[in-house]
Amino acid sequence: SAASDVYKRQIKKCRNMKRITIILFSLILTLPIAAQKKTLELGIYGGLQTYTKIGNPYENSFSSGFGIGFLSKYYISNRLFWTTDLFGATDDGTELKLTNIPEGNRILSMSRKDYSISTGFGFNVISTKLFNYYLQLCGGIGIIDGSYEHFTPNNGTERIDIKHTSYIISPSTGIDFIVANHWKIGAGYTFRYLGDFDGSHSLFARITYVFD
């Protein structure tokens, strides 16, 4: 019928408008990226490392240590960047001094080394000529290589190895100050989540070189 034909034409028109709107919206998003001069940044950072157990993967807790990392940022728009991060950390040795226990005064030792490689995207929430404040989220692979001691039934001690490889999710935030034509200095915080095993907190300072 005529009414049915009109209805079909209206549906087709709406679908065409929807496609055009999606194409235009995609172009609006793409043009700033295409027009932006690509910039590469390479940085080195280091600082305090602490640990948080998730579940109960090992006895006791590791003391704080330090970590060091290398990262790159490749800007694909004025504020959006792709980043890659290589990181290593250690608790620098943990000693648990136990007193007033039936076995007498004892010391239990723990140690760990963490390694990770991750990649993801970040965004400069605030971007001025003096500084950038950013948020980023990365994913990758994390490795823990360590050990801890615990008491045995005969009042001795036994060393248990920790060998764990997991996916890693690492949200991060920080600020970079532009101090010279090609240099930035900054500070930030990263949490690295190693599945249901544990997580680590990093407070760091960083120096970055900017390639034009």
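Some points to look at:
- Share of carbon and sulfur in the accessible heavy-atom surface of segment 134-212 [1.4 Å probe, %]: 63 percent
- A 1.4 Å probe run over the protein chains yields, for segment 157-212, 52 Å² of accessible area per residue, whole-number rounding.
- Using 0.36 nm per residue and subtracting the Cα-Cα separation, the extra length available between THR173 and THR128 on full extension is 14.5 nm.
- Applying D = kT/(6 pi eta Rh) to segment 132-172, where Rh is the Kirkwood radius over alpha-carbon pairs, T corresponds to 37 °C and eta to 0.692 mPa s, the Stokes-Einstein value obtained is 247 µm²/s.
- Base-10 log of normalised Debye intensity for segment 105-212 (one unit scatterer per alpha-carbon) at q = 0.12, 0.14 Å⁻¹: -0.58, -0.70
- For ASP92, nonlocal amide neighbours, meaning residues 5 or more places apart or on other chains whose placed amide H falls under 5 Å from its own, are PHE66, ARG112.
- Between ILE143 and THR119, full extension at 0.36 nm per residue minus the direct alpha carbon distance yields a gain of 7.1 nm.
- Solvent-accessible area per residue for segment 106-148 (1.4 angstrom probe, square angstrom): 50 Å²
- Within straight-line reach of LYS73, meaning a Cα separation under 14 Å, sit the following aspartates and glutamates at least 8 residues removed in sequence or on another chain: GLU41, ASP85, ASP176, ASP212.
- Estimated from the Cβ-Cβ distance and a Förster radius of 22 angstrom, the FRET efficiency linking ILE68 and THR152 is about 0.05.
- FRET E, pair GLU59, ARG79, Förster distance 30 Å, beta-carbon r, rounded to 0.05: 0.10
- Peptide ranges 174-183, 43-52 listed from the most packed, as the mean C-beta count within 10 angstrom indicates: 43-52, 174-183
- On a per residue basis, the convex hull of the C-alpha atoms belonging to segment 68-151 measures out at 137 Å³.
The values are calculated or read from the model by the stated rules, or taken from the named source; none is laboratory data. Note that this is a predicted model, so its numbers are computed, not measured. Reconstructed Cβ throughout: ideal geometry from the backbone, glycine too, with neighbour counts over all protein chains shown. Heavy atoms of the whole protein, side chains included, go into the accessibility calculation; ligands, DNA and RNA do not. Shrake-Rupley method; radii C 1.70, N 1.55, O 1.52, S 1.80 Å.
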